[in-house]
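First comes the structure, then the notes that go with it.
Derivation of every value follows stated rules applied to the coordinates shown; laboratory data play no part. Here the structure is a predicted model, which means the values were calculated and not measured. For neighbour counting, all protein chains shown are included, and Cβ atoms are generated from backbone atoms with ideal geometry for every residue, glycine included.
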Amino acid sequence: MIDNNKNLLIDVSNIALNAGREIMNYYNSNSHVLTKEDKSPLTEADLASNNIIIEKLRLLNDDIPILSEESLVEWEERKNWNTYWLIDPLDGTKEFINKNGEFTVNIALIKNAKPILGIIYSPFLSELYFAQKDQGAYKINCSDTIKSLENSVKILSNNKKNSDEIIIIGSRSHSNNKFNEWINKNYKNYQILQKGSSLKFCEIANGNADLYPRFGPTSEWDIAAGHIILEEAGGFLKTFENQSIKYNSKESLINPEFLASCKII
């Protein structure tokens, strides 16, 4: 089974690194911006990264299907999937366009409606986060091809310095009134940290923030890699009704509203 392959994390990490290098080629030039049907932006970097990831994942195991933001699959085909790759080739396209560096490559392996492996790579920061089910979550600084993960550092979501102040992380580009109302209702002593893309999950997993309440729409590929990384770091991600997030369990790929936290509260 592919999820028992000890070299899988290295292989998938290198795929993310490869895609990230291609993204940076576009980031440092004038990338053309298109508009998708849902009015969201699409760049040449999104498509180039998508092509690289799909090609390389198929070389690893062509029997495992792939679902990507830029390569959608109809429900009638994917509803029977048990194991599949779920990818966002460039998470945080708005941040990429705005040149603030807060964008990532997200790759997750889903099995039985749950992520069992996740890679988040920040090309701008050269930071790689990764996790595998029951193996912990780790971070390593790298930009070139890696042969091992020996220099990685284990991360823990409850590693934040003791403080009465709650650090709440929110989207840089997708904040709304419901987010602010929920915070003011539940907390008095807090600080809001804004961050783009799946880096929000990394900040919590790394002990730099406590909570990420999400009320705006997200898709399954936005959160899957962050989900397993956060859980393996000791945190959790649930709906506001305390229900688990299940992947590929319905025709719509839109997630329910959720709360990500450094620990079960």
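Please arrange K114, K246, K195 by how many other C-beta atoms lie within 10 Å of their C-beta, fewest to most.
With the sparsest Cβ surroundings first, the list reads K246, K114, K195.
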Output for segment 64-98: GluC sites (Glu not before Pro) sitting in coil per DSSP, at most 13 other Cβ within 10 Å, listed by number, reads E74
Run through the DSSP bridge list for the chain and note the antiparallel percent, rounded to the nearest 5.
80 percent
Extreme residue, positive dipole direction of the chain, given options S249, S173, I64 (C-beta unit charges)
S173
Prolate/oblate/rounded call for segment 79-172, Cα gyration tensor, a/c under 1.5 rounded
rounded
Run through every distinct alpha carbon pair of segment 2-154 and return the Kirkwood hydrodynamic radius in angstroms, one decimal place.
15.9 Å
Here the tail fraction of P(r) beyond 19 Å, over all Cα-Cα pairs of segment 127-223, rounds in percent to 51 percent
What are the residues whose amide H is under 5 Å from the amide H of G235, where those residues sit 5 or more places off or on another chain and H is modelled from the backbone?
S157
Suppose every Lys and Arg Cβ carries +1 and every Asp and Glu Cβ carries -1, with no other charges. What dipole size does the chain come out with about its Cα centre, to the nearest 20 debye?
780 debye
Convert each backbone phi in segment 107-123 into a coupling constant with the Karplus relation 6.51 cos²θ - 1.76 cosθ + 1.60 (shift: θ = phi - 60°), then list the ³J(HN,Hα) values in order as whole Hz, x for Gly and Pro.
9, 10, 9, 9, 9, 6, 6, 10, x, 10, 8, x, 10, 10, 10, 9, x
Would you list which lysines come within 17 Å of K99, measuring only between C-alpha atoms, while excluding same-chain residues fewer than 8 positions from it?
K195
Using a cut-off of 15 Å between alpha-carbon atoms, which aspartates and glutamates can reach K250, once sequence neighbours fewer than 8 places away in the same chain are excluded?
E74, E76, E77, E220
So for the chain, taking the charge dipole from beta-carbon charges (+1 Lys/Arg, -1 Asp/Glu), which of L125, Q135, G235 sits furthest toward the positive end?
G235
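Cross-link list K94/K114; K79/K133; K79/K238; K111/K178; K139/K263; K36/K263: which exceed 26 angstrom alpha carbon to alpha carbon? Write down the numbers at each step before the final one.
On the way: K94/K114 28 Å; K79/K133 23 Å; K79/K238 22 Å; K111/K178 33 Å; K139/K263 19 Å; K36/K263 37 Å.
K94/K114; K111/K178; K36/K263, as the Cα separations exceed 26 Å there.
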Which percentage, to the nearest 5, of the DSSP beta bridges contained in segment 2-154 is antiparallel?
90 percent
Diffing segment 229-236: the Karplus 3J(HN,Hα) column from phi (6.51, -1.76, 1.60, θ = phi - 60°), in whole Hz with x for Gly and Pro, holds 5, 5, 5, 6, 8, x, x, 8
Along the three principal axes, how long is segment 166-261 when you take its alpha carbons, biggest first, rounded to the nearest angstrom?
39, 28, 25
